[in-house]
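Participant: Just passing along the structure, written as structure tokens.
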Amino acid sequence: MKHKRLKPFPKDFLWGASSSAYQVEGASLEDGKGPSCQDVKEIPEGTSDLKVCADQYHRYKEDIALMAEMGFKSYRFSIAWTRILPKGTGEVNPKGIEYYNNLINECLKYGIEPIITMFHFDMPATLDERGSWGNPDSVQWFVDFARILYENYGDRVKYWLTINEQNVLTLSGPVIGTLHLPENCTNVLKEIYQQNHHMLVAQAKAMVLCHEMLPNAKIGPAPNISLVYPATCKPEDVIAAQNFNAIRNWLYLDMAVYGIYNAIVWSWLEENDATPTFVPGDKEAMKNAHPDFIGFNYYNTATVAASDLDAAEETALMGDQQSGREMAGIFKQVDNPNLPKTEFGWEIDPVGFRATTREMYSRYHLPLLVTENGLGAYDTLTEDGKVHDAYRIHYYQDHIRQIQESISDGTEFLGYNPWSAIDLISTHEGMVKRYGFIYVDRDEFDLKTLDRFRKDSFYWYKKVIASNGEDLSE
Ligand code: BGP
């Protein structure tokens, strides 16, 4: 269906962009901050450490002013757990509380709505040593942390996100540098899905607590959702696509929204003796939790065929956020020949964005908040301080157009917060893979000036926001 008349973006649509603490802030051990698992992990070869990042900790005023110049209505950022609680539990760090007070107030000064992610890949190192999400106490650790955030920032923050990309953590956590497996683990799948269960319960309890403490706030999950296509119309491929859709996507949203385990996933876990153990209260917490919206990250779709393998050696881990692998007898990820790829090998699928959001809205009937979407590329700063990133503009034009198609299909959207507001350290590829509207003058190892430069996409996005999405022209 092609719409002859597209519906406009809602009047109060939250145009903005995203970041995460461990990738943008730097100051990784400053002002009382404790180390997170990201600060102690082995850095991927050839990439820089996380001590400075984009130095937003020291330059937030300049950064927020630039976002305001673009006309941002929202800024999605995460709070570093170890800035607030250096050891993950126990003593609160007043300097950490102060930093986010300042950041939130700076946003509000310009009418920018802060959208806060409570957990973005940065488990406190002390808690990591105690088993991270594998420890049943992790549920309480997270809820206690959430309470501190609500108490301190709930008077000003309306939008909350629980756990960034819990599904990616579950499918490829060790690659991201978090969610580790204990030594001598005999049933890897069970261990992983037990950790996942703890996160699901923690999220549910944090949502319930949010509604109790902050009746006017809105809270939602933030998984990475992308529709899975069958490689062909062969029925076995369709089954494979349903399998991966369930494992990758619906498990997380069925639980967040309806408080139930997805049946396909549950049966698969049962067959592998890997169903998670519930403790009293888990079920009720899951049933009582109701998100107000679905936050989600979208980069591209996935395509799968039936898997002929029957090897039992699967660990169910993927390479990175978007690249797949085979799970024996379940699915085999394949390239989609219809789609181009980024310089970093991720497929680009704007129409899949529309398809994904239509599917999500039909399944869950909740408004959608896009918390990530974007193009990682090698950008070049010219001698006169420009970055000509037409490729990024084209990527955004195509994706924003598809949001409008989806709105015209009847999908309800709250906003669009692509990745990323400003250049920051990539999860896997260091500083060379840039996503921002704002260029940061540094290299992988040479910190240079750390000055900010407006990319061409900066001026373009400003125009898009000013026209509330009507003018996407270059
Ligand atoms: C998402 C993460 C972000 C960010 C983004 C881009 O999965 O939530 O933290 O890193 O992907 O990924 P990358 O930096 O690997 O290109």
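Participant: Would you please name the residue that is surrounded by the most Cβ atoms within 10 Å (Cβ to Cβ), looking only at residues in the stretch 1-50 that are under 19 Å from the mean Cα position of the chain (by Cα) and of a type in the set (A, V, I, L, M)?
Facilitator: In this case the residue turns out to be Ala21.
Participant: Go through Trp133, Trp141 for me and flag whichever is within 18 Å of the chain's Cα centre (by Cα), closer than 25 Å to Gln23 by Cβ, more than 16 Å from the ligand (Cβ to nearest atom) and touching a residue at least 24 places away in the same chain (Cβ under 8 Å).
Facilitator: Going through Trp133, Trp141 in turn, the sole match is Trp133.
Participant: Every residue in the stretch 150-167 that is crowded, with 23+ Cβ neighbours inside 10 Å and more than 18 Å from Val201 (Cβ to Cβ), please.
Facilitator: Hit for the stretch 150-167 is Tyr159, nothing else.
Participant: Would you be able to tell me the number of residues in the stretch 415-429 that are more than 9 Å from the ligand (Cβ to nearest atom) and either touching a His at 6+ places or on another chain (Cβ under 7 Å) or not acidic (Asp, Glu) (or both)?
Facilitator: Count: 6.
Participant: A further question follows. Against the condition closer than 19 Å to Tyr261 by Cβ and more than 22 Å from the chain's Cα centre (by Cα), how does Lys190 come out, does it pass?
Facilitator: On the way: closer than 19 Å to Tyr261 by Cβ: yes; more than 22 Å from the chain's Cα centre (by Cα): yes.
Yes: the conditions hold for Lys190.
Participant: Identify the single condition in (1) within 13 Å of the ligand (Cβ to nearest atom); (2) under 22 Å from Glu470 (Cβ atoms) that Ile403 does not satisfy, given that it satisfies every other one.
Facilitator: Checking Ile403 against (1) within 13 Å of the ligand (Cβ to nearest atom); (2) under 22 Å from Glu470 (Cβ atoms), the one that fails is (1).
Participant: Moving on to the next point. List pairs: first residue in the stretch 6-23 and part of a loop (DSSP other than H, G, I, E, B), second residue among the polar types (S, T, N, Q) and within 12 Å of the ligand (Cβ to nearest atom) anywhere in the structure, Cβ distance under 6 angstrom, at least six positions apart or on different chains.
Facilitator: Ser19/Ser420; Ser20/Ser78
Participant: Here are Leu127, Leu161: which of them is out of contact with any Leu (no Cβ under 7 Å at 6 or more places or on another chain), more than 16 Å from the ligand (Cβ to nearest atom) and either in a helix (DSSP H, G or I) or closer than 26 Å to Lys283 by Cα (or both)?
Facilitator: Just one listed residue meets the conditions, Leu127.
Participant: Okay, next question. Do you know which of the residues in the stretch 344-381 that are over 19 Å from Thr162 (Cβ atoms), among the hydrophobic types (A, V, I, L, M, F, W, C) and not in a helix (DSSP H, G or I) is farthest from the ligand (Cβ to nearest atom)?
Facilitator: Leu381
Participant: For the stretch 180-224, which residues satisfy the criterion of being small (Gly, Ala, Ser), away from the ligand (no atom under 16 Å from the Cβ) and within 18 Å of Gln166 (Cα to Cα)?
Facilitator: Ala202, Ala204, Ala206, listed by residue number.
Participant: What do you reckon, is Phe445 modelled with pLDDT under 95 and of a type in the set (Phe, Trp, Tyr)?
Facilitator: yes
Participant: In the stretch 103-117, what residues are buried (at least 21 other Cβ atoms within 10 Å of the Cβ), under 15 Å from Leu149 (Cα atoms) and over 18 Å from the mean Cα position of the chain (by Cα)?
Facilitator: Hits for the stretch 103-117 are Leu103, Ile104.
The values are calculated or read from the model by the stated rules, or taken from the named source; none is laboratory data. Just so it is clear, the model here is predicted, and its values are computed rather than measured. Neighbour counts run over all protein chains shown; Cβ positions are idealised from the backbone, glycine included.
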